[in-house]
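Colleague: Provided herewith is a single structure, encoded as structure tokens, for subsequent inquiry.
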């Protein structure tokens, strides 16, 4: 077949860490990639202002006019790895309108504007591939869209921000404070100068939005993700959790429940014997609970030039196959895993159900324990464990683990406990998931 | 497109645990599968002698004449889940000759006759899909063939036999003996009456054969896998390994080295902090080291009706997409991940390189430790750790961990140590892998 011998031509937009990594990977592994796909991949354009003398750019046209590049006839696939919402959005839209296939690693763009982009792609019979947007080099999008296609996915829980996991790992391993470890993470280059995006869970919420759409076939709804960061987690609570057999991880959780779908990112106590509790440092992992296969877990590097480039190039390889073997290259798999998206309500925080770790710092008075347990009991909240810790500065920290409860109930009960005269400071509440299948 | 609205018609051969599971999964999840693929899947035939009143078989033709079934015009895809080499081989060959797509969970058949089957499939422009043949519900074949397509895979190490992992987990957790746990595994239905296949590593070697071909693009070469079982592992060695910070796992390892490829299944000491060391019970996991993405790990159920059916149906979904969107349904991905297989030599055991755990039971004599270490040192074998254990029945167990060494060298050194007059019984040698990237 004649079409199969022509090379597939790429434009790489952005030559930073990921773009440079993808370019190098395509060049170095060209022979093995051709052995897999039967076609040569040729980079015809790079869109960047940047000078990268360390890269082999001979024969590749370089320009910073991205709109011009994506209109060129010698471009079959546009690889957008520049990041940011604008002008990435406009450039990808232009590429789609010109019938180009798109590969992107841009989680923020997809989570916030993916519905429009996928719609435009469908209208123009092209694909927007995005394996690199979630969990770096772990092929989690492929796994959910294809590998688990037979399953009704019940829930998934992911460590999908390496910075946050590095910080929590260090806090646990060395008993260090959040601010102290964050500073180190910034020095190591794991965290940005403004760490909000990572430590407050926004990055994880972007990725969770995409994962949930693939898992449940719902539109992307970033604005409905309940998001809570890890900046208030203390070494004290990490230690108490540990004593009770739990680790604190910053999880992105998407769960299908009777009345809708929960989308939430928050620090979470999980049993230490769970495999995902043992995912340490900057690594990522996603645990998927599906009705036929049961729990499966996917682990690897969530960021970095090599891992992200690995995912970008895997998408390119898939697209090369689609271009080569299908009529129109529109892809054989629906963008968000399902042909028709369903509109299931996303629950508000008050409607979500989770277990809880509570820490109440109380004066050493007779009756305070009875007061607390009575309030919880009257609210219908079951206590799974209760532990009085050693006195700290005249106060007794009381740690309570509860069974799953609707958050609105917990809000009410905690307001009452907070109002007890013997209670000092704000009650610490951290969600707890048993991750049972 | 007219072809897209016709249902895809299946024949399921075998209605045991897996066949029944696949049938039920296709029926129960029909709506969600149609939402994913846009096509209905219709089971037209089941090939079995068995009566399964628990299944919904109305409107499905049942027969035990498998050769007849696979020739029927109302069959697009043949799902072979009966197991065994014969008549599965003949039936699949007949199906292929009649232009049917094939999905199989038959690891033994593929490992031993896959080269012929894949060749026949290629000649007849159909696919033989086999996700369910390795690691049950974990989509590891898809991950290696597609998800990691950009990578040069360096090595992989898998816990790919649940029975063996259950036994080793129990031995470690409870200090129990191999035979004792095996008996329990048989009672629980995890192990067969004749457990050879599982505990001697044959099943794992079948799966490793398939994984290695996908990872390296080499022909299936089951006969060249070095295979060693776990039946000689003692609670004593499990305990000593633990004291040194290691767990013993039965791993299938495929590694690309300078002069060829190592294919080996054997008990292996691995560092306890590795995620794969914490995969317990009947679960499976595969750790893949690839040049761009680094280490990634895939974990889940390796057997059972639901997990295996999940993989079988995922293959069916992929085939439905290929039939619907490509010209000939031959598939867009080479069967063994690469278009052209390369013929890299598979190393003999003597040529392989691994670290070692050695246990030498010696009389309590002056000089015996010096004799042993001198022999190792003269053979150029570096000692990583050495530990004298408490006396047992007048003998001192000496435990030694070595750095990686070519096995032929180790053979020679051990023959010399074995010949020392102070050494009693056979030296225990268990391989050790640091799993460093």
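Colleague: Using a label position 7 Å from Cα in the Cα→Cβ direction, what is the ascending list of nm distances from residue B:416 to the same site in the other copies?
Modeller: Here the equivalent label points are 7.9 nm apart from this one.
Colleague: In degrees from 0 to 90, rounded to the nearest 10, what is the angle of the helix A:88-97 Cα long axis to the longest principal axis of chain A?
Modeller: Taking Cα atoms only, the helix is inclined about 40 degrees.
Colleague: Under a crude label model (7 Å from the Cα following the beta-carbon direction), how far is residue A:384 from residue A:125 in nanometres?
Modeller: Inter-label distance under the simple model: 5.3 nm.
Colleague: If you average the sequence gap of Cα pairs under 8 Å that are 6 or more apart and divide by the length of the range A:352-432, what percent do you get for the contact order?
Modeller: Values: 139 pairs, mean separation 40.1, N = 81.
With pairs under 8 Å counted, the relative contact order is 50 percent.
Colleague: Find every distance from the label point of residue A:383 to the corresponding label point in the other copies (7 Å from Cα along Cα→Cβ) and write them in nm, one decimal, shortest first.
Modeller: 5.7
Colleague: Let me ask something else about it. So what's the gap between the Cα centers of the range A:16-30 and the range B:39-117, to the nearest angstrom?
Modeller: 44
Colleague: Follow-up question, since we're still on this one. Relative to the longest principal axis of the C-alpha atoms of chain A, give the angle of the C-alpha long axis of helix A:368-378, reported between 0 and 90° and rounded to the nearest 10°.
Modeller: Value to nearest ten degrees: 60.
Colleague: Let me ask something additional. Using a 10 Å cut-off on Cβ to Cβ distances, tally the other chain neighbours for every residue of B:29-36 and report the average as a whole number.
Modeller: Numbers: counts 6, 0, 1, 8, 4, 3, 8, 11.
That works out to 5 on average.
Colleague: Got the relative contact order for the range A:140-301 handy, in percent, Cα pairs under 8 Å and 6 or more residues apart?
Modeller: Numbers: 301 pairs, mean separation 55.0, N = 162.
Relative contact order, the range A:140-301: 34 percent.
Colleague: Would you give the gap between the C-alpha center of the range B:303-350 and the C-alpha center of the range A:303-340, rounded to a whole Å?
Modeller: 17
Colleague: Let me confirm one metric for peptide A:13-26, namely the mean number of other chain beta-carbon atoms within 10 Å of its residues' beta-carbons. Display every interim value, and only then the final one.
Modeller: On the way: counts 0, 0, 0, 0, 0, 0, 0, 0, 1, 2, 0, 1, 6, 1.
What the average comes to for A:13-26 is 1.
Colleague: Further, regarding this structure: The range A:131-183 to the range A:228-293: how many Å between their Cα centroids?
Modeller: Their Cα centres are 9 Å away from one another.
Colleague: Ok, one more. DSSP beta bridges in chain B, what fraction antiparallel, as a percent rounded to 5?
Modeller: Details: 53 of 77 bridges.
Antiparallel bridges make up about 70 percent of those DSSP assigns within chain B.
Colleague: Can you give me the angle between helix B:305-325 and the longest principal axis of chain B, using Cα atoms only, in degrees from 0 to 90, rounded to the nearest 10?
Modeller: Approximately 50 degrees, to the nearest ten.
Colleague: Taking residue B:72 in one copy and the same position in all the others, each labelled 7 Å out along Cα→Cβ, what are the pairwise distances from the first, in nm, shortest first?
Modeller: When each copy's label point is compared with this one, the spacings are 5.5 nm.
Colleague: I'd like the FRET efficiency for residue B:90 and residue A:28, computed as 1/(1 + (r/R0)^6) with the beta carbon distance as r and R0 of 56 Å, rounded to 0.05. Walk me through the numbers on the way to the answer.
Modeller: Working: r = 45 Å, r/R0 = 0.80.
So, using R0 = 56 Å, E works out to roughly 0.80.
Colleague: Something else: Hey, what does the equivalent ellipsoid look like for chain B, semi-axes from the Cα gyration tensor as sqrt of 5 times each eigenvalue, largest first, whole Å? Please report the intermediate quantities before stating the final value.
Modeller: Details: eigenvalues 422, 102, 59 Å².
Semi-axes (√(5λ), whole Å): 46, 23, 17.
Colleague: What does the convex hull of the Cα atoms come to per residue for the range B:352-432, in Å³? All intermediate terms of the calculation are to be shown ahead of the outcome.
Modeller: On the way: hull volume 6.4 nm³, N = 81.
It is 79 Å³ per residue.
Colleague: Something else about it: For the protein assembly as shown, rounded, prolate or oblate, judged on the Cα gyration tensor with a ≥ b ≥ c (square roots of eigenvalues), a/c < 1.5 rounded, else prolate if a/b > b/c?
Modeller: Rounded shape, in that the Cα axes give a/c under 1.5.
Colleague: Starting from the Cα gyration tensor of the range B:63-209, take the square roots of the eigenvalues, sort them a ≥ b ≥ c, and report rounded, prolate or oblate (rounded when a/c is under 1.5, otherwise prolate if a/b is larger than b/c, else oblate).
Modeller: oblate
Colleague: Along the Cα-to-Cβ line of residue B:183, 7 Å from the Cα, sits a label point; which residues in the range B:232-246 have backbone N less than 16 Å from it?
Modeller: B:235
Colleague: Please give the calculated 222 nm ellipticity per residue for the protein assembly as shown, where each DSSP H segment of at least 4 residues contributes -39500 (n - 2.57) and the sum is spread over every residue; nearest 500 deg cm²/dmol?
Modeller: Details: 26 runs with 293 residues, N = 874.
After summing the helix terms and dividing by the residues of the protein assembly as shown, the value is -10000 deg cm²/dmol.
Colleague: Which part of the range A:359-400 falls in the paramagnetic zone of residue A:353, meaning amide N under 17 Å from the point 7 Å along Cα-to-beta-carbon?
Modeller: A:379-384
Colleague: Assign one of three labels to the range B:292-408, namely rounded, prolate or oblate, based on the Cα gyration tensor with a ≥ b ≥ c the square roots of its eigenvalues; rounded applies when a/c is under 1.5, prolate when it is not and a/b is larger than b/c, and oblate otherwise. Walk me through the numbers on the way to the answer.
Modeller: Details: a/c = 4.68, a/b = 2.51, b/c = 1.87.
Judged from the Cα gyration tensor, the range B:292-408 comes out prolate (a/c at least 1.5, a/b above b/c).
Colleague: Here's another thing I want to ask about it. If you take every DSSP beta bridge whose two residues both sit in the protein assembly as shown, what share of them, in percent to the nearest 5, is antiparallel? Let's see the in-between values first.
Modeller: Values: 109 of 157 bridges.
Approximately 70 percent, going by the DSSP bridge assignments.
Colleague: For residue B:259 and residue B:71 in one chain, what is 0.36 nm times their gap in residues minus the Cα-Cα distance, to one decimal in nm? Please list the in-between numbers first.
Modeller: Values: separation 188, 0.36 × 188 = 67.68 nm, distance 4.56 nm.
My answer for the length gained is 63.1 nm.
Colleague: For chain B, calculate the relative contact order in percent as a whole number, restricting contacts to Cα pairs under 8 Å that are 6 or more residues apart.
Modeller: On the way: 901 pairs, mean separation 71.6, N = 437.
Relative contact order comes out at 16 percent.
Colleague: Take every residue in peptide B:297-303, count the Cβ atoms of other chains within 10 Å of its Cβ, and give the average of those counts. Spell out each step's value before the answer.
Modeller: On the way: counts 9, 9, 9, 10, 6, 0, 0.
Average per residue, whole number: 6.
Colleague: Using the per-residue mean of other Cβ atoms lying within 10 Å as a proxy for protection, in what order, highest first, do the peptides A:410-423, A:156-169 fall?
Modeller: My ranking of the peptides, most packed first, is A:156-169, A:410-423.
Laboratory data are not the source of any read-out in this text; all were calculated from the coordinates shown. Note that the coordinates shown come from a computational prediction; the quantities given were computed from them, not determined experimentally. Positions of Cβ are backbone-derived with ideal geometry, glycine not excepted, and every protein chain shown enters the neighbour counts.
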